[in-house]
Amino acid sequence: MWRLREGNANFFIEDLQLIQKQQEYYKALSDSDKERKSTKFIEYMLSIIDSSLAELLNFKNRTLTQIDRLEYFVALETSVFSRKDYMLVFKDISSATASRDLAKGINLKLFEKEGDKVKTIYRLIKR
């Protein structure tokens, strides 16, 4: 499965489904070795990449819940941020939704709030 961390735009290949399809992997590798051509192995790897990208696209098109957004944002490890910073990560939510998310994060003890109104900043609570 491919993972995208939008904060720094790095792609991570977690497992590329090779563990699940280990026999197919070794067969493609063996067939290519016997034929002295890498075609079968390249075709196999391209099919794995294709299915991994399809998984990523399905993941990226899903609707995130409030908890999904909070978990994702905490994983970014942004230590100090504003509501505006939060909304830059989740571009499709309203300012009211962002405020509700951040209030929930405070209740869950994920963040601490400092200041008031437009000068409010949030600090990630280290775990």
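The values are calculated or read from the model by the stated rules, or taken from the named source; none is laboratory data. Quick caveat, the model's predicted, so the values are computed rather than measured. Using ideal geometry, Cβ is built from the backbone for each residue, glycine included, and neighbour counts are taken over all protein chains shown.
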Q.
I need the full set of residues from segment 43-85 which are in contact (Cβ under 8 Å) with a residue 24 or more places away in the chain and among the hydroxyl-bearing types (Ser, Thr, Tyr), in order please.
A. Ser51, Ser52, Thr78, Ser79, Ser82
Q. Could you say whether any residue in segment 77-89 is farther than 21 Å from Asp116 by Cα, in contact with a strand residue (DSSP E or B) (Cβ under 8 Å, 6 or more places away or on another chain) and part of a helix (DSSP H, G or I)?
A. no
Q: Look through Lys34, Lys40 and report the one residue that is over 25 Å from the mean Cα position of the chain (by Cα) and touching a residue at least 12 places away in the same chain (Cβ under 8 Å).
A: Lys40
Q: Take the residues in segment 46-67 that are at pLDDT 90 or above and within 17 Å of the chain's Cα centre (by Cα), then tell me which one is farthest from Asp116 (Cα to Cα).
A: Thr65
Q | Single residue of segment 26-69 satisfying the filter (under 30 Å from Leu110 (Cα atoms) and in contact with a strand residue (DSSP E or B) (Cβ under 9 Å, 6 or more places away or on another chain)) that is surrounded by the most Cβ atoms within 10 Å (Cβ to Cβ) | A | Leu56
Q: State whether one or more residues within segment 74-82 are farther than 20 Å from Arg127 by Cβ and surrounded by 13 or more Cβ atoms within 10 Å (Cβ to Cβ).
A: yes
Q) Take the residues of segment 114-123 that are surrounded by 10 or more Cβ atoms within 10 Å (Cβ to Cβ) and out of contact with any Phe, Trp or Tyr (no Cβ under 6 Å at 6 or more places or on another chain): which is farthest from Ala75 (Cα to Cα)? A) Gly115
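Tell me yes or no: at least one residue of segment 95-103 is within 16 Å of the chain's Cα centre (by Cα) and either farther than 25 Å from Arg127 by Cβ or loosely packed, with under 15 Cβ neighbours inside 10 Å (or both).
Scanning segment 95-103 turns up no residue that is within 16 Å of the chain's Cα centre (by Cα) and either farther than 25 Å from Arg127 by Cβ or loosely packed, with under 15 Cβ neighbours inside 10 Å (or both).
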Q.
Checking the structure you have, find out if any residue of segment 75-88 is touching a helix residue (DSSP H, G or I) at 6+ places or on another chain (Cβ under 9 Å) and modelled with pLDDT under 95.
A. yes
